[in-house]
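Scroll down for the structure; my scribbles are underneath it.
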Amino acid sequence: MASRFLLFLHLLALFSFLPFSFSKLIESRFKVSNAERLILLRERTQPVRFNPSKSKQISWNPRVSLYEGFLSDDECDHLISLAHSKVEIPLIIDNNISGTRRIIPTGKKYLVNSKKDEILSKIEERISLWTMFPKEHGGGIQIWNYRVNDSYGPHYDFYENNEAELGGNRVATVLMYLSNATHGGETVFLKSQTKNSKLEGESLSKCASAGYAIKPVKGNAVMFFNLNLDSTPDNSSLHEGCKVLEGEKWSATMYFHKGPVHQRELAAALTLPVDQDECTDEDDNCASWAELGECERNPVFMLGSSDYSGACRKSCKAC
């Protein structure tokens, strides 16, 4: 009996220290520095994570595919954190439904450089595997932030003039959702053959009822083609970013062109000759945009084309 009592005392003493031990263990487990967290994220972010069987075709006209879970939560958060340290580029030039060029004020756009971020570079490699386009044909990743009442009206991603753009026309677009919007913010394909198909049980905004809608779900990605197989513009690719009605929407976009898009010499060759005395910038933000690589990614706006004098020729060193 005495030996049992002594054993009981030993066990009692042991368990009396367990809460302290476990609390210390938990504290040390979660006390991870930002540097260590980034190292862990690098280890988990591998281009081989791409699984083609997870990509499903949701429309053939236009050609649209959905990949659920393309990005991890950590990767989404990392991309958003990159945008917070970049200069905002709120104005872009794009094609509206009439095919004319215009400046569109919409959600906030940020440019990030994969050459300076290993995580971003691996994500671009994974995108290249999915699309089967060379990474060099991609125009880099653009990160977008839409808040309540922000939207992106009906538009095409292809260019009317193939030859006036760096790398040629945009063949395909990859759109990645980095957050969940509480209500609204859907991507809707207005001319899709499946426009009358509604997802059961899904709570969609009124805007989304105009076509086939895809809800912004964190980590999911959408790929769609802007050109037909014969390289002519696919008019059925008309799409819209619905207004965010509640919450906040973060997304990332990567466009793939017919040719490489990293050649500044090609962009410079497409611009109009300008007298040195007229070599100026038309916007105070030109120097910042040029530093972020916008000269290569948006050459028509920055450097100009055969019928348009660029807004930032001086900062892009095109004159």
Among (1) at pLDDT below 90; (2) of a type outside the set (Val, Ile, Thr); (3) farther than 19 Å from ALA221 by Cα, ASP150 falls short only on (1)
Quick one: in the range 279-319, of everything that is in a loop (DSSP other than H, G, I, E, B), among the charged types (D, E, K, R) and surrounded by fewer than 21 Cβ atoms within 10 Å (Cβ to Cβ), which residue is modelled with the lowest pLDDT? ASP307
Which one is modelled with the lowest pLDDT, of the residues in the range 97-139 that are under 16 Å from the mean Cα position of the chain (by Cα) and aromatic (Phe, Trp, Tyr)? TYR110
Considering (1) modelled with pLDDT of 85 or more; (2) more than 30 Å from SER205 (Cα to Cα); (3) assigned to a helix (DSSP H, G or I), say which one SER231 fails and leave the rest. (3)
Scan of the range 153-195 for residues that are modelled with pLDDT of 95 or more and of a type in the set (Ser, Thr, Tyr), ordered by number: THR173, TYR177, SER179, THR187
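The values are calculated or read from the model by the stated rules, or taken from the named source; none is laboratory data. The structure presented is a predicted model; accordingly, all values stated were derived computationally and were not measured. Because the Cβ atoms are built from the backbone with ideal geometry, glycine has one as well, and the counts that use them run over all protein chains shown.
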